[in-house]
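First comes the structure, then the notes that go with it.
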Amino acid sequence: MTARRHPALSATDPELASFVAAEETLQAETLRLIPSENYVSAAVLEASGTVLQNKYSEGYPGRRYYEGQQNIDRVEALAVERAKGLFGVDHANVQPYSGSPANLAVYLAFAEPGDTVMGMALPMGGHLTHGWGVSATGSWFRGVQYGVRADSGRIDYDAVRELALAERPKIIFCGGTALPRTIDFGAFASIAKEAGSILVADVAHIAGLIAGGAHPSPAGHVDVISTTTHKTLRGPRGAMLMCREEHAKAIDKAVFPGLQGGPHNQTTAGIAVALHEAAQPAFVTYAHAVVANAKALAAALLERGFDLVSGGTDNHLILVDLTSRGVPGKVAAKALDRAGIVVNYNTVPFDPRKPFDPSGIRLGTPSLTSRGLSVEHMPVVADWISRAVAAAGSADERTLTAIRGEVSSLLSTFPAPGLPLS
Ligand SMILES: *Cc1c(COP(=O)(O)O)cnc(C)c1O
């Protein structure tokens with residue numbers, strides 16, 4: 001199989017080729033529920049593996065420090081135009097290597113070391129790069145953090161406002177990695193305005209839902225939109241920063257020469273293709289199906305007695321608190337993995353356990369929706385999860401093995417984009 005799909009790689013480096021082939025099989029046969037992951041299309045894969053890789057192009061289209069940019073300029077300009085059109089923004093920078101450097105560029109554009117910045121606390125569902133202590137952003141800047149309400153599991157906007165007015169941060173980040181509910185960008189905008197802060201919407205997780213109209217857009221509410229391109233947006237691993245014209249220069253200068261050298265042109269090409277795909281009617285259908293599947297999976301889990309943070313979901317993501325099941329998140333995640341269901345263990349808000357051994361697991365529907373699974377399959381998925389978590393508690397390996405067979409049998413009729421048919 002690999003020899004046919006990757007003939008040169010198989011001939012040059014059979015050992016590495018065998019790892020790729022094994023990964024293709026794993027991604028084909030397992031139910032991938034990590035909400036930050038997806039399956040890119042064959043077209044995105046092809047674009048990301050081109051000779052554009054060979055070119056150095058520090059600078060921006062029309063303003064480069066190297067010659068021979070005739071084609072590279074067209075690739076990057078196309079990606080930029082598509083990003084502006086899809087997200088309805090004045091300006092887009094498609095060069096950040098990934099989400100974390102994109103956020104670092106935002107700090108470079110708008111803050112000085114030691115300034116106060118504000119974001120959601122990591123254990124509440126925020127991201128490391130929103131000023132959390134172990135991140136450079138939390139040691140070079142003074143991070144102050146907000147969270148969710150204990151009673152509702154939802155962002156406490158009154159507390160956000162109080163903290164913002166008390167601290168007057170240079171930058172406020174909204175968005176995160178484990179937020180199952182809609183973000184009210186308008187509420188954040190009025191808080192940021194009152195506090196005199198630059199507002200950044202980090203929509204890494206939900207960019208595809210926004211593009212497909214399944215989550216409100218931050219455009220028009222925030223100063224900067226930061227996003228990865230490889231989560232619900234279904235592009236290659238990369239990132240974009242988008243903003244109003246007034247911030248365009250500051251953002252561009254921060255990305256290059258402030259933080260990075262040459263852009264990864266093969267990735268820019270993959271981003272352009274993903275943005276083209278995301279502008280099609282089929283992607284609107286996809287984005288809404290991701291949410292419908294998540295809501296159906298949440299309902300099926302609730303029916304089976306699971307506790308969900310905030311009681312459900314508005315988007316692609318579900319945060320399950322396993323405390324009442326008596327199974328730690330890590331034990332459950334590892335058992336699910338043996339059952340062919342790939343999730344990650346995750347802290348839940350106010351988690352009494354340690355981050356490396358927390359109380360929850362995080363689930364998402366972007367990948368299974370890309371394979372064509374729909375709401376009628378979600379009770380089956382919830383059943384597998386329920387049985388696997390019970391089996392984890394009683395060290396019942398036979399049940400896990402049986403589930404693994406059921407999973408791969410169902411998935412064999414839902415081929416994954418970009419993967420060989422087995
Ligand atoms: C994934 C993510 C990032 C970081 O992206 P990387 O590409 O992994 O560096 C930043 N912010 C949020 C909210 C994310 O979900």
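The values are calculated or read from the model by the stated rules, or taken from the named source; none is laboratory data. Given the structure is predicted, the values throughout are model-derived calculations rather than measurements. Please note: Cβ atoms are built from the backbone with ideal geometry, for glycine as well, and neighbour counts cover all protein chains shown.
Of the residues making up the stretch 148-172, those that are under 22 Å from Lys354 (Cβ atoms) and crowded, with 19+ Cβ neighbours inside 10 Å are Val148, Gly153.
Can you spot a residue in the stretch 238-247 that is part of a loop (DSSP other than H, G, I, E, B), more than 14 Å from the chain's Cα centre (by Cα) and within 18 Å of His130 (Cα to Cα)? No: the stretch 238-247 contains no residue that is part of a loop (DSSP other than H, G, I, E, B), more than 14 Å from the chain's Cα centre (by Cα) and within 18 Å of His130 (Cα to Cα).
List pairs: first in the stretch 50-66 and on the phi > 0 side of the Ramachandran plot, second assigned to a loop (DSSP other than H, G, I, E, B) and of a type outside the set (D, E, K, R), Cβ under 7 Å, 6+ apart or cross-chain? From the stretch 50-66, the pairs are Gly59/Tyr65. The set of residues in the stretch 253-263 being assigned to a loop (DSSP other than H, G, I, E, B) and out of contact with any Lys or Arg (no Cβ under 9 Å at 6 or more places or on another chain) consists of Gln260, Gly261, Pro263.
Considering only residues that are free of Cβ contacts under 8 Å to residues at least 60 places away in the same chain and either over 16 Å from the mean Cα position of the chain (by Cα) or in a loop (DSSP other than H, G, I, E, B) (or both), which ones fall in the stretch 198-222? Of everything in the stretch 198-222, those that are free of Cβ contacts under 8 Å to residues at least 60 places away in the same chain and either over 16 Å from the mean Cα position of the chain (by Cα) or in a loop (DSSP other than H, G, I, E, B) (or both) turn out to be Leu199, Val203, Pro216, Pro218, His221, Val222. Condition check: surrounded by fewer than 20 Cβ atoms within 10 Å (Cβ to Cβ), at pLDDT 95 or above, closer than 17 Å to Arg338 by Cα and touching a helix residue (DSSP H, G or I) at 6+ places or on another chain (Cβ under 8 Å). Does Arg387 satisfy that? Yes: the conditions hold for Arg387.
Hey, among Arg74, Arg32, Arg5, which residue is surrounded by fewer than 16 Cβ atoms within 10 Å (Cβ to Cβ) and closer than 30 Å to Ser408 by Cβ?
On the way: Arg74 fails: closer than 30 Å to Ser408 by Cβ; Arg32 fails: surrounded by fewer than 16 Cβ atoms within 10 Å (Cβ to Cβ).
When all the criteria are applied, what remains is Arg5.
Entry remark, the stretch 45-61: residues being away from the ligand (no atom under 16 Å from the Cβ) and under 30 Å from Leu179 (Cβ atoms) number 1 in total. Among helices (runs of 4 or more DSSP H) entirely within the stretch 84-197, having at least 3 residues that are in contact (Cβ under 8 Å) with a residue 24 or more places away in the chain and within 16 Å of the ligand (Cβ to nearest atom) singles out 99-110. If you go through the stretch 223-237 and pick out every residue that is part of a strand (DSSP E or B) and within 11 Å of the ligand (Cβ to nearest atom), you end up with 3.
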